[in-house]
Amino acid sequence: MKRLIWTGMVCGLLVLAVLQNVEAGKYNPTRSLGDPFAGFENLPSVSGQAVSLSDFDKADVLVIVTTCNSCPYAVEYEQRFQEFHQKYADNPRVQFIAINCNLVKDDSLEEMKQHAEKAGLTFPYLFDESQETGKDLGALRTPECFVLNRERKIIYMGAFDDSTDASQVKQQYVQEAVNATLKGEAVEIAETPPIGCLIRYKRRR
């Protein structure tokens, strides 16, 4: 009898593990399309102001990118992020946010401020020392992009576009997701594999 109970418990755990794996995204280990974003409050930014998710309540589409200063892939994409931000600077329906979750010297808030000024970045660039935003999104890399709808549910996650070389880009995944959402249409390509450096999450015992 004890053996049967133990076997049943093991089978139950295996089924649960399989179901959890099915629910996760194809490339995201913990999040799937349609999952809600928990949000954030009073994260410090390179502008010196504290920023909360509620500051973007007017936006129908919110693009969040996990990024940093120290990853060459992230740096390679910065001007593309800046151009995207500028494109919608006068359109409150679309907002762009970059969040740094790395806890290393080169990615400190002071380094972020210097880096943003030198690169001419004007989009909201936030520092999350708790790393909770990255964890809540299931983000693993810099850069990694998430497009959220008005209900702040994930409708796209993955790469910004299809090439780390700007001159070779043929498909702009984030832009296409934003365009479709603004038109009230479904996002055709809703998940792609992100390419970049691993986020340096703090280890927990």
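Coordinate-derived values only; no laboratory data. Everything numeric here is computed off the predicted structure, so don't read it as measured data. Cβ atoms come from the backbone with ideal geometry, glycine included; neighbour counts cover every protein chain shown.
Amide H contacts of residue 32 (H built 1.01 Å from N, in plane; Pro and chain starts excluded): 25 sit under 5 Å, all sequence-distant by 5 or more or on other chains. Determine, for the chain, the count of lysine pairs separated by eight or more sequence positions (or lying on different chains) whose alpha-carbon distance falls under 25 Å. Total qualifying Lys-Lys pairs in the chain comes to 23. Rounded if a/c is under 1.5, else prolate if a/b beats b/c, else oblate: with a ≥ b ≥ c from the C-alpha gyration tensor eigenvalues square-rooted, which is segment 30-198? Rounded is the answer for segment 30-198, as its axis ratio a/c remains below 1.5. Only Lys, Arg, Asp and Glu carry charge here, each on its Cβ (+1 for the first two, -1 for the last two); on that basis segment 52-205 has a dipole of about 440 debye about its Cα centre.
Over the chain, DSSP H runs of length four or greater, each weighted -39,500 (n - 2.57), average out per residue to a 222 nm ellipticity of -10000 deg cm²/dmol. When you filter the trypsin sites (Lys or Arg not before Pro) in segment 18-115 for DSSP loop state and at most 16 other Cβ atoms inside 10 Å of their Cβ, you are left with 26, 58, 93. Amide H contacts of residue 144 (H built 1.01 Å from N, in plane; Pro and chain starts excluded): 66 sit under 5 Å, all sequence-distant by 5 or more or on other chains.
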